[in-house]
Amino acid sequence: MISLDQARAHYADHDSAHGFEHVLRVWRLAMRIAREEGADLQVVNDAALLHDAGRAQQLATGQDHAAISADLAHSLLSTATPMHREAVCRAIREHRFRSDRRPTTLESQVLFDADKLDAIGAVGVARAYAVAGAMHQQLWAEVANNLSERLPVDGADDLTNDTHTPLHEFRFKLQRLRELVVTPTARQLAEERHVFMCAYFERLEREVKGDL
């Protein structure tokens, strides 16, 4: 199995949304879900620790980070059995939200769900603001009533656009993630996180508008 130290070497810690802290959170969630759902713990361990390892190369080349990460995992797991290596690579390839792939194995579902859970709840709010700060975006801005309906669920808005805020990210993407998770364990966790996140943005709007 891949160790934490082996995985850490492939991540840039300056990325607060997708760096190794994110990987550790996803790994913890994935291992919890895997135990509850009876998934292969070794496959989930390796897939979770390597699922975002290709992000730095994606930024440089524009390639799909999931595909890059799967290729890296295939190389790092050269001494593993072909079945294990293929299961890990499949889970990594299928974890990405903005793709046409959907998880086809239990281990893929576990990683997919853990990755989505890390984008909602208190952590999801914190990540949205970390990205907004890096992009010099506003704290809050009105979202046109029909705007989120005109945008695809996986397209969100242009994150580099200075009109995009964490509220837009919530409306376009985060509030929909609860409906995407697959496993029963993840659905229970997603419901609780979703409720907190909705309450946060409702309160934020009231405070911004001076309505408290």
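Values in this text are rule-based calculations from the coordinates and carry no lab data. These numbers were taken from a predicted model, which means no experiment stands behind them. When we count neighbours, we look across all protein chains shown, and the Cβ atoms used for this are built from the backbone with ideal geometry, even at glycine.
Any chance you could give the angle, 0 to 90 degrees and rounded to 10, that helix 41-50 forms with the longest Cα principal axis of the chain?
60
Would you mind classifying the stretch 2-117 by shape? Square roots of the alpha carbon gyration tensor eigenvalues, ordered a ≥ b ≥ c; an a/c under 1.5 is rounded, otherwise it is prolate if a/b is larger than b/c and oblate if not. The partial results should precede the final answer.
Values: a/c = 1.31, a/b = 1.25, b/c = 1.05.
Rounded, since a/c falls under 1.5.
With axes computed from alpha carbons, what is the tilt in degrees of helix 20-37 against the longest principal axis of the chain, rounded to the nearest 10 within 0 to 90?
70
Percentage of Cα-Cα pair distances in the chain greater than 24 Å, rounded to whole percent?
Values: 9370 of 22366 pairs.
Looking at the chain, the distances longer than 24 Å represent 42 percent of pairs.
Going highest first, how would you order 126-137, 66-77, 41-52 by mean Cβ packing within 10 Å? Display every interim value, and only then the final one.
Details: 126-137: 16.4, 66-77: 19.5, 41-52: 26.0.
Highest mean packing first, the order is 41-52, 66-77, 126-137.
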